[in-house]
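Written out below as structure tokens is the structure these notes cover.
The values are calculated or read from the model by the stated rules, or taken from the named source; none is laboratory data. This structure is a prediction, so every number in the text was calculated from the model and none was measured. FYI the Cβ positions are ideal-geometry reconstructions off the backbone, even for glycines, and counts take in every protein chain you see. Just the protein is used for accessible areas: all its heavy atoms, side chains included, with ligands, DNA and RNA removed. Shrake-Rupley method; radii C 1.70, N 1.55, O 1.52, S 1.80 Å.
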Amino acid sequence: MSILEVSDLAVEFNTIEGVVHAVNGVSFSLDSRETLGIVGESGSGKSVSMMSLLRLIPEPPGRIRSGAAWFESSKGRVDLLSLSKTKRAAVRGRDIGFVFQDPMSSLNPLMTVGEQIAESMRLHLDLGERAARKRTVELLDRVGIPAAAERYGNYPHQFSGGMRQRVMIAIAIACGPKLLIADEPTTALDVTVQAQILDLVKNLRDELGLAVIWISHDLGVVAGLADRVIVMYGGLVAECAPVDELYEQPRHPYTEGLLEALPRVDQDRGEELRSIEGTPPDLYLAPAACPFAPRCSYAFDRCRQAVPPRYVVNNGHDTACFYDLAERRPRSE
Amino acid sequence: MSNVSTADARPLVKVEGLKQYFPITRGVIFSRVVGAVKAVDGISFEISRGETLGLVGESGCGKSTTGRSILQLYRPTAGSVQFDGTELTALDRDDLGAIRPRIQMVFQDSYSSLNPRHSVGKIVAEPMVIDGGYARGEMNERVAELLELVGLNPKHRSRFPHEFSGGQRQRIGIARALALNPDFIVCDEPISALDVSIQAQVVNLLQRLQNELGLTYLFIAHDLSMVRHISTRVAVMYLGRVMELADNADLFNEPLHPYTQSLISAVPLPDPKAERERRPILLKGDLPSPSNPPRGCVFHTRCPLAQAVCSEEVPAYREVRPRHWAACHFVE
């Protein structure tokens with residue numbers, strides 16, 4: 001059963017230089033208990049699209065131009081994008097938990113870590129001070145903070161980067177959410193600490209039955225975590241597929257290029273990496289063609305004249321490309 | 001220009017017992033030294049001509065400081081750095097200036113390492129201006145040649161850094177490093193800030209330049225996959241010390257030190273099937289502070305194999321197998 005259905009989401013930003021077309025019509029759905037990985041490079045729109053679901057982008061300069069996001073909240077099915085401010089606040093933090101890349105800037109430096117976790121439970125779950133405190137200590141312990149009761153009164157700066165991310169996770173799961181949205185939560189961490197955090201998230205996900213949207217630029221992290229993956233490029237969904245299929249049979253030239261550009265720690269030194277020539281797309285231009293066409297070795301005339309729709313490859317796998325990578329020829333019109 | 005040949009056995013760079021401490025001070029007017037951050041604490045290695053030594057480790061392990069100390073951007077607290085037989089730590093400012101053209105650096109952050117008010121032409125020409133002895137026409141020609149070499153359009157020389165993308169800015173930094181025909185380049189996380197598709201472009205460029213110009217690299221990075229791809233040999237650092245150093249294939253196929261083992265096991269693989277099989281060795285806790293490193297083996301607080309001896313005695317850094325060094329009491 002799907003708990004989130006996003007259709008035709010488009011987001012733009014007004015800047016001095018002009019309008020930035022950050023997200024240009026993104027659609028996807030998410031089942032309960034499913035983990036969806038969203039990969040893409042900087043500027044691909046992966047963060048902006050997920051942040052705008054909860055209206056976490058600054059408006060203005062940001063503007064949601066179109067779209068709907070139907071979510072099964074604890075109070076019924078709602079469109080996140082058209083909810084009133086108060087109703088939105090009731091969903092945010094309660095039914096949907098967030099973990100951001102940089103815990104130092106998402107935690108309040110003037111509030112103890114314990115109070116920050118307890119705050120959301122007092123607000124959303126109507127817990128009294130005592131009950132919230134008790135539950136907070138349990139949560140701190142659950143996310144792997146040693147001597148949890150003693151750390152309740154500590155401030156964020158007294159924690160290491162990995163520990164702060166554990167605190168963020170505790171806040172995100174405090175009110176028993178159905179959905180956890182994690183925006184590059186391990187990107188700023190060292191690889192051994194990243195391994196600890198990934199292990200924790202996997203355990204919590206299975207234990208609490210969470211649906212997860214995991215935004216990352218790291219194809220390795222997503223390979224180990226996701227059931228299904230969306231690859232974004234230039235504010236559009238380039239490809240969407242079950243995780244094994246995406247890595248084994250990519251059907252979008254961008255996905256194929258990304259996978260070939262990656263060296264692997266478990267394989268011997270190769271001669272040369274395949275690189276994707278050219279530079280990322282110019283988002284000041286309204287999308288009128290495939291955004292990847294200028295860097296694509298398969299591109300032909302049609303790619304420069306229209307935005308490709310998402311062609312279904314098979315059940316659960318689609319690609320926004322006019323070229324059929326499996327058949328090695330352009331698709332018939 | 002140097003020749004890549006195995007016949008020349010003398011290493012191009014030889015580091016011995018290098019220490020780089022930074023003082024911790026208290027008080028503003030009567031400031032006094034109350035301790036030291038031991039960023040690099042006694043490391044030794046050699047780099048042969050034409051090879052790439054990968055230097056990996058997590059943040060705060062001292063890998064960037066090592067690069068800067070070798071270049072004498074910091075004056076080392078102790079130890080020796082020899083470049084092509086010359087002891088760099090003994091040189092004064094002028095003598096260092098004379099040898100600098102042969103040792104260059106590429107920085108991680110191309111925003112802060114390129115002057116935003118200078119055109120690309122001026123940035124790339126600057127080493128030649130400082131070194132002196134170049135005629136204007138000669139310099140212009142060389143700038144065009146360098147831009148072409150790193151895959152930029154020489155016609156864009158009058159543009160400014162902000163007009164280029166991250167990957168292109170990194171190419172500008174590389175062109176500048178090449179201006180004086182160096183033998184040795186310290187690459188300090190040159191691709192960490194770049195997107196995956198652009199990383200491959202820059203790494204391929206660095207490898208091509210190495211082959212064409214016979215360059216020697218110290219490649220500092222935290223991305224183990226990329227280090228495996230680009231390095232001839234690899235050194236793993238932890239809290240200011242080298243834990244293990246070996247030829248590329250030996251280090252990744254048969255890591256001996258428990259820290260290296262856990263580091264490699266922690267890297268996610270872009271392959272869902274391999275990911276389901278991978279069992280990372282999870283380390284306990286966090287990195288200790290380099291201002292107060294653990295006694296004995298610096299890794300013992302997180303080591304899955306630690307015994308009593310590890311908290312008492314510093315393990316010797318020894319050649320456990322031919323060309324394979326490690327610092328651990330339990331490595332046979």
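Sorted largest first, the spans of the alpha carbon positions of the stretch A:213-266 along the three principal axes are 32, 23, 18 Å. Take the Cα atoms of the stretch A:242-313, build their convex hull, and give its volume per residue in Å³. Taking only Cα atoms, the stretch A:242-313 has a hull volume of 126 Å³ per residue.
Take each residue of peptide B:241-251, count the partner chain Cβ atoms within 10 Å of its Cβ, and average: the result is 0.
Show A:Thr319, A:Thr86, B:Thr232 ordered by accessible area, largest first, where the area counts protein heavy atoms only and the probe is 1.4 Å. Write out the running numbers ahead of the final one.
Numbers: A:Thr319 0, A:Thr86 110, B:Thr232 55 Å².
Sorted by accessible area, descending: A:Thr86, B:Thr232, A:Thr319.
Solvent-accessible area of B:Ile130, all protein chains in place: 130 Å² (probe radius 1.4 Å, heavy atoms, ligands and nucleic acids excluded). When chain A is described by a simple charge dipole with +1 on each Lys and Arg Cβ and -1 on each Asp and Glu Cβ, the residue from A:Met104, A:Val313, A:Gly220 located farthest towards its positive end is A:Met104. Relative contact order, whole percent, for chain A stands at 20, derived from Cα pairs under 8 Å and 6 or more residues apart. Taken one residue at a time, the phi angles of the stretch A:250-258 give Karplus couplings (6.51, -1.76, 1.60, θ = phi - 60°) of x, 10, 10, x, 5, 4, 4, x, 4 Hz. Gly and Pro are set to x. Around the amide H of B:Val13, modelled in the peptide plane, lie the amide H atoms of B:Ile47, B:Asp84, all under 5 Å away and 5 or more residues distant in sequence or on another chain. Annotation: amide H of B:Gly35 within the under-5 Å range of B:Ile24, sequence separation 5 or more or interchain, hydrogens built in the peptide plane.
Kindly identify the stretch A:47-183 as rounded, prolate or oblate by the Cα gyration tensor criterion: order the square roots of the eigenvalues as a ≥ b ≥ c, call it rounded if a/c is under 1.5, otherwise compare a/b with b/c, prolate if a/b is larger, else oblate.
On the way: a/c = 2.36, a/b = 1.61, b/c = 1.47.
It comes out prolate by the Cα gyration axes.
Counting only Cα atoms, chain A measures 66, 51, 42 Å along its principal axes, largest extent leading. Across the stretch B:103-114, coupling constants 3J(HN,Hα) worked out from phi with the 6.51/-1.76/1.60 Karplus curve, θ = phi - 60°, read 10, 10, 9, 10, 9, 5, 9, 7, 6, 8, 9, 10 Hz, and Gly and Pro carry x. Evaluated at q = 0.11, 0.13, 0.16 Å⁻¹, a Debye calculation over the C-alpha positions of the stretch A:32-123 (equal weights, vacuum) places log10 I(q)/I(0) at -0.40, -0.56, -0.85. Comparing the stretch B:51-91 with the 2.2 N^0.38 Å rule of thumb, its C-alpha radius of gyration ratio is 1.25 (two decimals). Work out the charge dipole of the protein assembly as shown with +1 on the Cβ of Lys and Arg and -1 on the Cβ of Asp and Glu about the Cα centre, then indicate which of B:Thr232, A:Pro250, B:Ala327 is farthest towards its positive end. In the protein assembly as shown, that residue is B:Ala327. Multiplying each eigenvalue of the alpha-carbon gyration tensor of the stretch B:204-320 by 5 and taking the square root yields semi-axes of 28, 20, 13 Å, largest first, rounded to whole angstroms.
GNM on chain B, alpha-carbon springs under 10 angstrom: the most fluctuating residue among B:Gln104, B:Gln261, B:Gln170 is B:Gln261.
Across the stretch A:153-240, the mean sequence separation of Cα contacts (distance under 8 Å, 6 or more residues apart), normalised by length, yields a relative contact order of 25 percent.
Taking A:Ser29, A:Ser105, A:Ser47 as the candidate residues, the one with maximal mean-square fluctuation in a Gaussian network model of chain A, Cα springs under 10 Å, is A:Ser105.
Of all the Cα-Cα pairs you can form in chain B, what percent are over 37 Å apart? That tail contains 21 percent of the Cα-Cα pairs. Any idea which of B:Phe83, B:Ala98, B:Gly67 is furthest toward the positive side of the dipole for the stretch B:47-101, if Lys and Arg beta-carbons carry +1 and Asp and Glu beta-carbons -1? Value computed over the given set: B:Gly67. Rounded, prolate or oblate: which fits the protein assembly as shown when a ≥ b ≥ c are the square roots of the eigenvalues of the alpha-carbon gyration tensor, with rounded for a/c under 1.5 and prolate only if a/b beats b/c? Since a/c reaches 1.5 but b/c is at least a/b, the shape of the protein assembly as shown is classed as oblate.
Calculate for chain B the 222 nm mean residue ellipticity that helices alone would give, adding -39,500 (n - 2.57) per DSSP H run of length 4 or more and normalising by residue count, nearest 500 deg cm²/dmol. Let's see the in-between values first.
Numbers: 10 runs with 99 residues, N = 332.
Value at 222 nm, helices only: -8500 deg cm²/dmol.
Relative contact order for chain B using alpha-carbon pairs under 8 Å, separation at least 6, rounded to a whole percent? With pairs under 8 Å counted, the relative contact order is 20 percent.
Based solely on its DSSP helices, what 222 nm [θ] is calculated for chain A when runs of n ≥ 4 H residues each add -39,500 (n - 2.57) and the sum is averaged over all residues, nearest 500 deg cm²/dmol?
Details: 11 runs with 102 residues, N = 333.
Rounded to the nearest 500, the figure is -8500 deg cm²/dmol.
Take the Cα coordinates of the stretch A:1-60, assign each an equal point scatterer, and use the Debye formula without solvent to give log10 I(q)/I(0) at q = 0.17 Å⁻¹. Results for the stretch A:1-60 at q = 0.17 Å⁻¹ read -0.62. Hey, which of these cross-link pairs are over 23 Å Cα-Cα: B:Lys14/B:Lys63; A:Lys134/B:Lys284; A:Lys87/A:Lys178? From the list (B:Lys14/B:Lys63; A:Lys134/B:Lys284; A:Lys87/A:Lys178), the Cα-Cα distance tops 23 Å for A:Lys134/B:Lys284.
Decide, for the stretch B:49-131, between rounded, prolate and oblate: order the square roots of the alpha carbon gyration tensor eigenvalues as a ≥ b ≥ c, take rounded if a/c falls under 1.5, and otherwise choose prolate if a/b is larger than b/c, else oblate. List each step's numbers first, then the result.
On the way: a/c = 1.91, a/b = 1.22, b/c = 1.56.
The shape class here is oblate.
Straight-line cross-link partners of B:Lys155 among the aspartates and glutamates, defined as a Cα under 15 Å from its Cα and at least 8 positions apart when in the same chain: B:Glu141, B:Glu145, B:Glu163. Sort out for me the Cα centre separation of the stretch A:242-268 from the stretch B:238-261, rounded to whole Å. Centre-to-centre distance over Cα atoms comes out at 27 Å. Inter-part distance, the stretch B:265-332 to the stretch B:163-204, computed on C-alpha centroids, equals 31 Å.
Note that the stretch B:40-48 has calculated 3J(HN,Hα) couplings of 10, 10, x, 10, 9, 6, 10, 10, 7 Hz, one per residue in order, obtained from phi through the Karplus relation 6.51 cos²θ - 1.76 cosθ + 1.60 (θ = phi - 60°); glycine and proline are x.
Three semi-axes describe the equivalent ellipsoid of the stretch A:136-275; taken as square roots of 5 times the Cα gyration tensor eigenvalues and ordered largest first, they are 33, 18, 12 Å.
Scanning residues 5 or more positions from A:Ile38 or on other chains, those with amide H under 5 Å from its amide H are A:Trp214, A:Ile215, A:Ser216, A:Ile230, with H placed 1.01 Å from N in the peptide plane.
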